[in-house]
């Protein structure tokens, strides 16, 4: 956020040419991995993320089992070559926090009580990063959970809004994130309009926040449709409908 | 110890004005924490330490349980801001050694055989450091154990002696420790006059050592009275005597 | 390998005066440690390695037990002072890989099925290093296993060949390894002529590789005789033959 | 097992109270517990503050030391925020490397200060690309009866005020205080069965289905948000929580923080 | 327990097939599964390749950054190879620091490139003893259906080709590509009950008593060998495996790699 | 469980002997086991010593390398002492990061050398604030039959004698030996049911209620003390143990160490 100054909006348009309320191009592929129980590849502009789901399977160590419901594990990880300066392999504080909030974004929709004592494991690998990787990861993970046949109340969809050159806009790219004034990722259960992740970074006036929240929720609704379409496509191809 | 030269005794007096056999001002508060089973805040000059005791409670992992007696855990930790140059969080070799010798200083007075298979956990946080933190920590821990109702044969009291400008003196402060010739912390069970911790750093002639040992034991006796007084005050306030 | 240029063969002879197919001097002592169940000190030129064997004993944690056979653990470790530039204590990637391939070199000869659920632990300490420490460690470990009375199909013997100044030679020393063109350690079960470890580093023509393999196998046979002789000597001394 | 039962009983107790419009300590839903702020208790730290909110106690220390800037911001000082949930402070905390709760605590406090541009990091450059001042905020929990984050954030901003940069101690020439441009205050609003209440204690925290920490500034703007908890929140609920957060922050700022 | 039984049944199935001269997917013993090589998928890496062999997928990225040389080779660039067996790629992989399998994978790929002197490290010196180019090869496994090492090695050498050294990005003057002098290719030959077969899938890997990875070069020389597995191999078997390895590498090189 | 019973039987055996004025190996209470000191076995170390006391064997190596001084002592060399209780040396030792026993061993040996100012650290400054000689003492245990600390301390001081500082090896001009000003010797006195005995073996160590390690110098002064064990010691006992420690150190120094 806020490194130096750069003009992000010229003649009323974003540098990328996108409208203020326009998402980056999205590409979703379901079931891209063979070994995983469910998987999804998700592209959001220049972000490339892949999610795999394993489970429900036995929880190790048993010490961490929950007698009433499945425990969801979520690991967000960046490939060393996914960023400008090579990232040292292994978790850091940022990735640990993202893993935690992402897990909590998905927890509410998973019917965890059906699988006591087990673990449902979600692994997200960021292969290329361009701002918004946590939202791309959650979107991928949500579809991968469905692909794995994990019973869910609904999908979760995620996107960020931000503020650049004084304007509240949808889905910041890396340049907008680095030189912008605020970034606010959310995750939402589209059917119930409930927010399961909300973070904010930077500075927003109250009105901007409220406007941004609506804008992000709209973005989530669009992504939700794309997620559903990708699942339908996968399962209609496989000849067992959706 | 021994970094450069500095006059620590001028005209027969220590820089702080203290006598050779004089302790720094001591302040003891019992039961300062709500969540802990027992606690104590201990000030020794510019040292500020706080101890908490939890237990006896189940020992994890079970592998480390002792079938005959409680296991005492002791963790000495310095707050990052407690020293001149910020200390990186987490244990280092010094703190691990201090934790070990402090635990052994307290072990002999705890009636561990009453609580087989359990853990009695002692946590000491050094909030401000000015030489003598391990002794302050043991003094605090000993009172916190009593406050937690852990059955004990007696309290343990602890203080260091040192040698500065050729003189054996009680209870070195940081300047005296840095530029002095020796530092010798002890811990003692006052009622039985038995020493449960003895370490030495620097160089002492045999006579100096013997004199220092007596001096430190006397220091421990004074601290013992203050520890008892603090406990009495706490429990008489609470209306259940001492 | 290949740091700069240096003449390693002068007038048809190696710098050390050794012949192309000549091992460095070897010294083997069996049963050199009191606490270990079996042990062996092995010198190969300027390499000094010592191996200890403990077990079969209970496997911790139980999670790692194998219901059908003993699990072999192998830890190759270098003393910090064993190399030119002090090595930081603790395992690194090189030592972890060597531990793994060494364990696999020994696995085939140990009658692991006789001791289900147990661990057989092999510890190798390199006290002085001069190229070939993994082979010295395996030779020491193999004898230490025998000394510990672990039932084995046969001993395992190990040596490297390499290529220096275009020639394939046996058992590189450090200078030859640093400035040579290839290094290929093997381990062999002499009685059955089966190779249980094979690695290669550098570049060898196919014919050189095949010639080197034969040369290394011959080297192993020589070492095998020395290993047996050392065990015989130990046990005939003890008056219970071999 | 036994613990889970006790946990359930405790939660039910909280639910009962809340549904009757009450809290265990008699507070209103929008009342903080008593707050005590004590400054400069630690003479080794450039700034330090003990914050007590009810029975929750946090000690925050700020150290300022010279160091190397990050390669991509060669002319800016460095801010590092760290939190230790030391096992002294709660039977639930364990020894070991920082877990996700302590990482979250540190990062939320950090973002509040960073997002509001509270510290003028450019004023902390000593020599571009070579040497800058590093500001370490260390959050040391002493007693956890809930709502650590509001206590920690208040301790952090209080500790940052009136800091003399220790030029002399490090053999540097210069004289300056740390430039502080805002006073972000964190307020955590918990949602328990549709009711909103601020400053949850530890029992309320475990009963809360959701919490939202709102960090807001002198001008009423928001410089940090963090939702935690295991269910969703509606837009209306979030907006209400944010309004409460901003309003309570204003009250706390007026009472415990100087004007900038 | 149950898992061990399933494992045994799976192995028996492989043995039955092999002894009848067959493989589950109908391949010949000396056939690779289909190989797909895609270059430059990752715009943050100087070079990157996705290699798919059957259902095995590996993504390799190469980053080139300035750094400090090792004290004993002050005029040489640095090559670092790292592999992560991320738990996404297989139910057998676990989170945590690299285990011995990922260390072995990285080291075998590294040795193949190093032994063949594929990269001209001396050309990567910027300022002797002070600054050199560091080449990081990062192997990211995405789907493990066996034979990761051949896929990773092919991904590594493919990624190294046609790399522009990023002088400008790091404010340095100069313009050059990474000098590549050979194209080492790894071929893993498995021995299952006396039969030799290449490119084992994951079921064959667990049935294999032995594997030998042979890395060979344009001129047919060998620049890396690594035996794995839990029994011994005879000289004859090893020589045969090496011949197969060299021959199959030649085929793969011709099909998937450019002439140097 | 079974192990605890065996442990108790072993202790009882030691108690029986001690109470009859005997030790298992026939030694007097104030006798060391045979000591063998061998120097310079490791050609990669500037100094090295194998010390055997009875069946206890320790190998100590000293490396001297250039490095950066600590900021607060810019004109002084650096002494680092490290001990590894490698699992080779005892069925009780485990792999993994150093535990409290190995940390204590290293720190006690370190303090003995540091407290006596044995090494002239100021003579190890190469360039103030920039480069100094670092002296690494590495204690490698090979066989633990008790009293590692006395063996390690004797190995450390022996290794430090007659060390040539490796100027040439590191491309530096100069020629000097390490300046040694004292020869601290550690003697550990165990108390078992009121009896004092030196050089406890491993069975005696586990039976000992207390141990006191006394490190003393040429002039009879003490430069290190460390009490271990789980009960208390009276003043009289401590004074007696210290006297024994100093006296036995004098004997060991005369027999195994040169005059300084």
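The values are calculated or read from the model by the stated rules, or taken from the named source; none is laboratory data. As the structure is a computational prediction, the values presented were derived from the model and not from experiment. Cβ atoms come from the backbone with ideal geometry, glycine included; neighbour counts cover every protein chain shown.
Looking at this structure, is residue D:44 in a loop (DSSP other than H, G, I, E, B), under 23 Å from residue B:45 (Cα atoms) and in contact with a helix residue (DSSP H, G or I) (Cβ under 7 Å, 6 or more places away or on another chain)? In short, yes. When each of D:94, D:84 is tested for being at the interface with chain B (Cβ under 10 Å from one of its Cβ atoms), out of contact with any strand residue (DSSP E or B) (no Cβ under 9 Å at 6 or more places or on another chain) and either free of Cβ contacts under 8 Å to residues at least 40 places away in the same chain or farther than 25 Å from residue D:172 by Cβ (or both), the lone residue that passes is D:94.
Does any residue of region B:56-67 turn out to be within 23 Å of the chain's Cα centre (by Cα), within 12 Å of chain D (Cβ to nearest Cβ) and either at negative phi or surrounded by fewer than 18 Cβ atoms within 10 Å (Cβ to Cβ) (or both)?
Checking region B:56-67: not a single residue is within 23 Å of the chain's Cα centre (by Cα), within 12 Å of chain D (Cβ to nearest Cβ) and either at negative phi or surrounded by fewer than 18 Cβ atoms within 10 Å (Cβ to Cβ) (or both).
Scan region A:89-100 residue by residue and report those that are more than 8 Å from chain D (Cβ to nearest Cβ), under 13 Å from residue A:124 (Cβ atoms) and in contact with a helix residue (DSSP H, G or I) (Cβ under 9 Å, 6 or more places away or on another chain). Answer for region A:89-100, where residues must be more than 8 Å from chain D (Cβ to nearest Cβ), under 13 Å from residue A:124 (Cβ atoms) and in contact with a helix residue (DSSP H, G or I) (Cβ under 9 Å, 6 or more places away or on another chain): A:91, A:98. For region E:101-128, the tally of residues that are surrounded by fewer than 22 Cβ atoms within 10 Å (Cβ to Cβ) and more than 11 Å from every other protein chain (Cβ to nearest Cβ) stands at 6. Scanning region A:19-37 for residues being in contact (Cβ under 8 Å) with a residue 60 or more places away in the chain, more than 14 Å from chain E (Cβ to nearest Cβ) and either farther than 17 Å from residue A:150 by Cβ or surrounded by fewer than 16 Cβ atoms within 10 Å (Cβ to Cβ) (or both) gives a total of 7. Just one of (1) within 16 Å of the chain's Cα centre (by Cα); (2) buried (at least 24 other Cβ atoms within 10 Å of the Cβ); (3) touching a residue at least 24 places away in the same chain (Cβ under 8 Å); (4) within 11 Å of another protein chain (Cβ to nearest Cβ) fails for residue C:223. It is (4).
Condition check for residue C:165 on (1) in contact (Cβ under 8 Å) with a residue 40 or more places away in the chain; (2) more than 14 Å from every other protein chain (Cβ to nearest Cβ); (3) under 22 Å from residue C:43 (Cβ atoms): one failure, at (3). Of the listed requirements (1) surrounded by 24 or more Cβ atoms within 10 Å (Cβ to Cβ); (2) closer than 30 Å to residue F:80 by Cβ; (3) within 11 Å of another protein chain (Cβ to nearest Cβ), residue C:106 misses just one: (2).
Within region D:119-146, the set of residues being under 19 Å from the mean Cα position of the chain (by Cα) and over 18 Å from residue D:80 (Cβ atoms) comprises D:142, D:143, D:144, D:145, D:146.
Considering only region B:109-124, I want to know if a residue exists there that is in contact with a helix residue (DSSP H, G or I) (Cβ under 8 Å, 6 or more places away or on another chain), part of a helix (DSSP H, G or I) and surrounded by fewer than 18 Cβ atoms within 10 Å (Cβ to Cβ). There is no residue in region B:109-124 that is in contact with a helix residue (DSSP H, G or I) (Cβ under 8 Å, 6 or more places away or on another chain), part of a helix (DSSP H, G or I) and surrounded by fewer than 18 Cβ atoms within 10 Å (Cβ to Cβ). The sole residue among A:75, A:86 that is in contact with a helix residue (DSSP H, G or I) (Cβ under 7 Å, 6 or more places away or on another chain), part of a loop (DSSP other than H, G, I, E, B) and at pLDDT 95 or above is A:86.
Reported count of residues in region F:227-260, each being surrounded by fewer than 20 Cβ atoms within 10 Å (Cβ to Cβ) and within 30 Å of residue B:152 (Cβ to Cβ), is 9. In the set F:27, F:50, only one residue is part of a strand (DSSP E or B), in contact with a strand residue (DSSP E or B) (Cβ under 9 Å, 6 or more places away or on another chain) and surrounded by 14 or more Cβ atoms within 10 Å (Cβ to Cβ); that residue is F:50.
Matching residues to (1) more than 30 Å from residue A:119 (Cβ to Cβ); (2) modelled with pLDDT of 95 or more; (3) within 14 Å of chain A (Cβ to nearest Cβ); (4) surrounded by 15 or more Cβ atoms within 10 Å (Cβ to Cβ):
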| site | (1), (2), (3), (4) |
| --- | --- |
| E:35 | yes, yes, no, yes |
| E:41 | yes, yes, yes, no |
| E:63 | yes, yes, yes, yes |
| E:72 | yes, no, no, no |
| E:99 | no, no, yes, no |
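From the list D:190, D:186, the one residue that fits, being part of a strand (DSSP E or B), closer than 14 Å to residue D:154 by Cα and in contact with a helix residue (DSSP H, G or I) (Cβ under 9 Å, 6 or more places away or on another chain), is D:186. Here residue D:64 passes the criteria (1) touching a strand residue (DSSP E or B) at 6+ places or on another chain (Cβ under 8 Å); (2) closer than 28 Å to residue D:199 by Cα; (3) not in a loop (DSSP other than H, G, I, E, B) except the one numbered (2).
Scanning region C:1-13 for residues that are surrounded by fewer than 22 Cβ atoms within 10 Å (Cβ to Cβ) and either facing chain F (nearest Cβ under 10 Å) or touching a strand residue (DSSP E or B) at 6+ places or on another chain (Cβ under 7 Å) (or both) returns C:1, C:9. Scan region E:124-139 and give yes if some residue there is at pLDDT 95 or above, closer than 19 Å to residue E:256 by Cβ and not in a helix (DSSP H, G or I), otherwise no. Yes, there is a match, as at least one residue in region E:124-139 is at pLDDT 95 or above, closer than 19 Å to residue E:256 by Cβ and not in a helix (DSSP H, G or I). Residues that are part of a helix (DSSP H, G or I) and surrounded by fewer than 15 Cβ atoms within 10 Å (Cβ to Cβ): does region D:161-168 have at least one? The answer is yes; a qualifying residue exists. Would you confirm whether any residue within region B:39-47 is part of a loop (DSSP other than H, G, I, E, B) and in contact (Cβ under 8 Å) with a residue 24 or more places away in the chain? Taking every residue of region B:39-47 in turn, at least one turns out to be part of a loop (DSSP other than H, G, I, E, B) and in contact (Cβ under 8 Å) with a residue 24 or more places away in the chain.
The criterion of at least 2 residues that are crowded, with 24+ Cβ neighbours inside 10 Å is met by the following strands (runs of 3 or more DSSP E) wholly inside region C:137-201: C:156-164, C:182-189. Taking the condition more than 13 Å from every other protein chain (Cβ to nearest Cβ), more than 26 Å from residue F:22 (Cβ to Cβ), at pLDDT 95 or above and crowded, with 24+ Cβ neighbours inside 10 Å, does residue F:157 pass? So residue F:157 fits the description; yes.
Results for (1) farther than 23 Å from residue F:35 by Cβ; (2) more than 13 Å from every other protein chain (Cβ to nearest Cβ); (3) in contact (Cβ under 8 Å) with a residue 24 or more places away in the chain; (4) assigned to a helix (DSSP H, G or I), shown as yes or no for each residue.
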position	(1), (2), (3), (4)
F:196	no, yes, yes, no
F:203	no, no, yes, yes
F:239	yes, no, no, yes
F:249	no, no, yes, yes
F:253	no, yes, yes, yes
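Counting only residues that are surrounded by fewer than 24 Cβ atoms within 10 Å (Cβ to Cβ) and in a strand (DSSP E or B), region D:210-226 holds 1 of them.
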